[in-house]
There are 2 protein chains.
Amino acid sequence: MKGKVYLVGAGPGDPELLTIKAYRLLRIADVVLYDDLVSPEILKLVSPGAQLRNVGKRCGKKKITQQEINFLMITLAESAHRVVRLKSGDPLIFGRLGEEVEALRRGGIDFEIVPGVTAGFGAAASLEIPLTHRHASPALVLITGHRASHNPDNDWSNYVASGATLVIYMPGHEYSQIASRLMKAGLSGETPCAIVSRASTAQQQSLVTTVTQLSVSQTLPAPTILIVGEVVRSAYKATDGAWEPARSLRHNLDLSGLLASAEVFAENEEPRP
Amino acid sequence: MKGKVYLVGAGPGDPELLTIKAYRLLRIADVVLYDDLVSPEILKLVSPGAQLRNVGKRCGKKKITQQEINFLMITLAESAHRVVRLKSGDPLIFGRLGEEVEALRRGGIDFEIVPGVTAGFGAAASLEIPLTHRHASPALVLITGHRASHNPDNDWSNYVASGATLVIYMPGHEYSQIASRLMKAGLSGETPCAIVSRASTAQQQSLVTTVTQLSVSQTLPAPTILIVGEVVRSAYKATDGAWEPARSLRHNLDLSGLLASAEVFAENEEPRP
């Protein structure tokens with residue numbers, strides 16, 4: 001009997017933002033193939049008997065090719081393994097899910113997609129910024145600033161013209177480039193924006209500013225998410241150019257609840273056959 | 001000491017797609033204020049001692065106003081209750097989160113936002129449709145077809161022109177209206193689309209067709225999600241006008257895993273003080 005591949009979203013970083021299903025699959029997996037951006041706290045939850053393998057391709061420096069990942073998934077599943085392909089955030093966007101699923105179909109391998117909390121939603125929740133608002137934004141656009149998808153025919157003017165909130169994945173280290181791309185697409189430099197680093201983790205940092213000022217802002221550690229739009233004003237107010245939260249935010253998460261949950265899980269783990 | 005309000009995403013419907021954090025909060029809540037669309041299977045997980053209250057406003061028939069919900073949250077939190085405000089999917093989009101959060105800030109009530117798996121992602125995962133694809137769609141747009149947000153100044157032509165995948169929440173019962181709105185915005189009638197009813201639940205139903213044919217399609221039970229774009233072709237092929245999945249899908253979910261998890265949870269519940 002062949003095994004099965006589970007393409008699973010790991011959520012934005014906080015282990016408590018895993019779904020119950022993702023957690024269960026990490027406990028029964030024989031092999032977990034994970035991307036660079038999956039947080040170490042989440043990898044600690046994987047069953048100790050499972051093989052853990054980093055198949056990340058950070059910053060275009062290819063340690064492993066997409067074809068090699070596909071081959072690995074198929075080979076492992078053919079050897080009757082339960083394979084978890086763990087992707088940070090949600091697997092359905094910006095993660096080459098399409099290519100991996102096509103390879104599994106061609107290989108005749110059973111698979112299942114388990115959605116997760118996407119990083120943009122994790123970032124917005126931490127900063128208390130609603131992503132749509134009856135009076136400020138009718139829609140939400142998720143785009144990536146990554147070079148690989150920087151097709152010159154695909155500028156952002158349509159998104160800007162729509163008035164929707166923009167959530168930009170992988171905005172890059174050069175904030176001046178992303179700010180200039182947004183303004184070339186017609187966005188007012190006065191539009192507020194928030195950049196969030198390592199959203200939902202204990203290392204989370206964030207910066208609220210305008211698109212013009214973003215160009216000269218300090219660079220936060222990757223991975224980051226950039227939220228752009230009037231909705232930012234519902235959580236932050238500008239006073240003399242400095243943006244203050246409408247109320248004080250806790251950037252250090254309280255992990256006591258998580259530990260309690262993890263203990264409950266750990267104590268009741270079924271012994272592996 | 002005052003209580004606290006947790007604005008929590010319940011995910012698309014499958015209880016296993018709750019986050020660990022959402023599950024934990026449902027177990028410790030004193031009061032749960034939930035929307036109509038939250039599935040009964042999820043409500044069953046709420047701690048038996050908690051007060052459960054439906055504050056839904058289905059189909060514009062207002063059983064309770066937004067102001068009443070805000071008042072209820074503040075009053076309960078002032079009486080030192082742990083209040084969970086449970087919203088289907090993710091609370092950050094199309095759910096009046098902004099208004100509820102503003103009311104809590106004004107009331108001086110501590111709150112926290114817990115993101116969830118949004119219904120659109122749950123629907124796409126079940127149908128095995130990637131929402132972006134390097135070769136088919138560079139971006140994802142989340143919009144609502146609901147009348148309340150049908151501002152005539154805000155047509156969808158910008159989204160259509162961008163070539164992004166569209167995920168439409170609350171597309172309504174009259175599919176001919178939504179199809180006509182998409183085509184007026186410039187979308188080709190030949191564009192494939194998928195309508196998914198009660199995504200990720202045991203009652204899930206779906207229909208894959210083109211935008212032109214959607215007008216004459218049977219109506220599926222609400223709530224539904226409409227996915228529109230070339231990405232649909234990566235999971236479905238048209239043969240003589242009939243759309244078949246690239247592989248057979250299981251529409252009845254295997255709940256055995258869930259039950260096992262739920263038992264683990266239930267056995268280890270701390271006794272309430």
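With the requirement that a residue be open to solvent by less than 30 Å² (accessible area, probe 1.4 Å) and not aliphatic (A, V, I, L, M), what does the range A:1-20 give you?
Residues satisfying the conditions are A:Gly3, A:Gly9, A:Gly11, A:Pro12, A:Gly13, A:Asp14, A:Pro15, A:Glu16, A:Thr19.
Search the range A:179-207 for residues being surrounded by fewer than 24 Cβ atoms within 10 Å (Cβ to Cβ) and of a type in the set (A, V, I, L, M), and hand back the single one that is nearest to the chain's Cα centre (by Cα).
The selected residue is A:Ala202.
So which of B:Ser188, B:Ser176, B:Ser197, B:Ser137 ends up being closer than 22 Å to B:Gln218 by Cα and in contact (Cβ under 8 Å) with a residue 40 or more places away in the chain?
B:Ser176
Would you be able to say whether some residue in the range A:152-161 is open to solvent by less than 50 Å² (accessible area, probe 1.4 Å), touching a residue at least 12 places away in the same chain (Cβ under 8 Å), of a type in the set (Phe, Trp, Tyr) and more than 7 Å from every other protein chain (Cβ to nearest Cβ)?
yes
Quick check, is A:Leu37 touching a Gly at 6+ places or on another chain (Cβ under 9 Å) and modelled with pLDDT under 95?
So A:Leu37 passes the test.
If you scan the range A:23-58, which residues turn out to be hydrophobic (A, V, I, L, M, F, W, C) and within 15 Å of the chain's Cα centre (by Cα)?
Selection gives A:Leu37, A:Val38, A:Ile42.
Taking interchain pairs and intrachain pairs at least six residues apart, which have beta carbon atoms under 9 angstrom, with the first residue in the range B:121-134 and without any contact (Cβ under 8 Å) to a residue 60 or more places away in the chain and the second among the basic types (Lys, Arg) and surrounded by fewer than 24 Cβ atoms within 10 Å (Cβ to Cβ)?
B:Arg134/A:Arg96
Of the numbered conditions (1) in a loop (DSSP other than H, G, I, E, B); (2) under 28 Å from B:Val8 (Cβ atoms), A:Ile143 satisfies every one except a single condition; which is it?
So the condition that A:Ile143 fails would be (1).
Just for the range B:121-140: of the residues that are of a type in the set (A, V, I, L, M) and open to solvent by less than 10 Å² (accessible area, probe 1.4 Å), which one is farthest from B:Gln205 (Cα to Cα)?
Ranking the qualifying residues of the range B:121-140, first place goes to B:Ala139.
When you scan the range A:93-122, how many residues do you find that are among the hydrophobic types (A, V, I, L, M, F, W, C) and within 18 Å of B:Ala22 (Cβ to Cβ)?
Residues in the range A:93-122 being among the hydrophobic types (A, V, I, L, M, F, W, C) and within 18 Å of B:Ala22 (Cβ to Cβ): 4 in total.
So, in the range B:62-83, of the ones that are charged (D, E, K, R) and touching a residue at least 24 places away in the same chain (Cβ under 8 Å), which residue ends up nearest to B:Val8 (Cα to Cα)?
Here the answer is B:Arg82.
Out of the residues in the range B:43-56 meeting the condition of being out of contact with any strand residue (DSSP E or B) (no Cβ under 8 Å at 6 or more places or on another chain) and within 21 Å of B:Ala199 (Cβ to Cβ), tell me which one is least open to solvent (accessible area, probe 1.4 Å). So that I can check it myself, show each step before the final result.
Quick first cut of the range B:43-56, residues out of contact with any strand residue (DSSP E or B) (no Cβ under 8 Å at 6 or more places or on another chain) only: B:44-45, B:47-49.
Subsequent filtering for residues that are within 21 Å of B:Ala199 (Cβ to Cβ) retains B:44-45.
Details: B:Lys44: 157, B:Leu45: 33 Å².
If we take residues in the range B:43-56 being out of contact with any strand residue (DSSP E or B) (no Cβ under 8 Å at 6 or more places or on another chain) and within 21 Å of B:Ala199 (Cβ to Cβ), then B:Leu45 is least open to solvent (accessible area, probe 1.4 Å).
Keeping to the range A:21-33, report how many residues are open to solvent by 10 Å² or more (accessible area, probe 1.4 Å) and farther than 27 Å from B:Leu25 by Cβ. Break it down stepwise before answering.
Within the range A:21-33, the first condition is being open to solvent by 10 Å² or more (accessible area, probe 1.4 Å), and the residues that meet it are A:21, A:23-24, A:27-28, A:30.
From the residues that got through so far, the ones that are farther than 27 Å from B:Leu25 by Cβ too are A:30.
Looking only at that region, the number is 1.
Which of the residues that make up the range A:208-257 are modelled with pLDDT of 95 or more, open to solvent by 20 Å² or more (accessible area, probe 1.4 Å) and assigned to a strand (DSSP E or B)?
Hit for the range A:208-257 is A:Val208, nothing else.
What number of residues within the range A:5-29 are facing chain B (nearest Cβ under 8 Å) and out of contact with any strand residue (DSSP E or B) (no Cβ under 8 Å at 6 or more places or on another chain)?
Count: 4.
The values are calculated or read from the model by the stated rules, or taken from the named source; none is laboratory data. Bear in mind that the values here come from a model prediction, so they are computed numbers and not experimental data. Every residue, glycine as well, gets a Cβ built from its backbone with ideal geometry; the counts of neighbours run over all protein chains shown. Just so you know, the surface numbers come from the protein's heavy atoms only, side chains and all, with ligands and any DNA or RNA stripped out. Shrake-Rupley method; radii C 1.70, N 1.55, O 1.52, S 1.80 Å.
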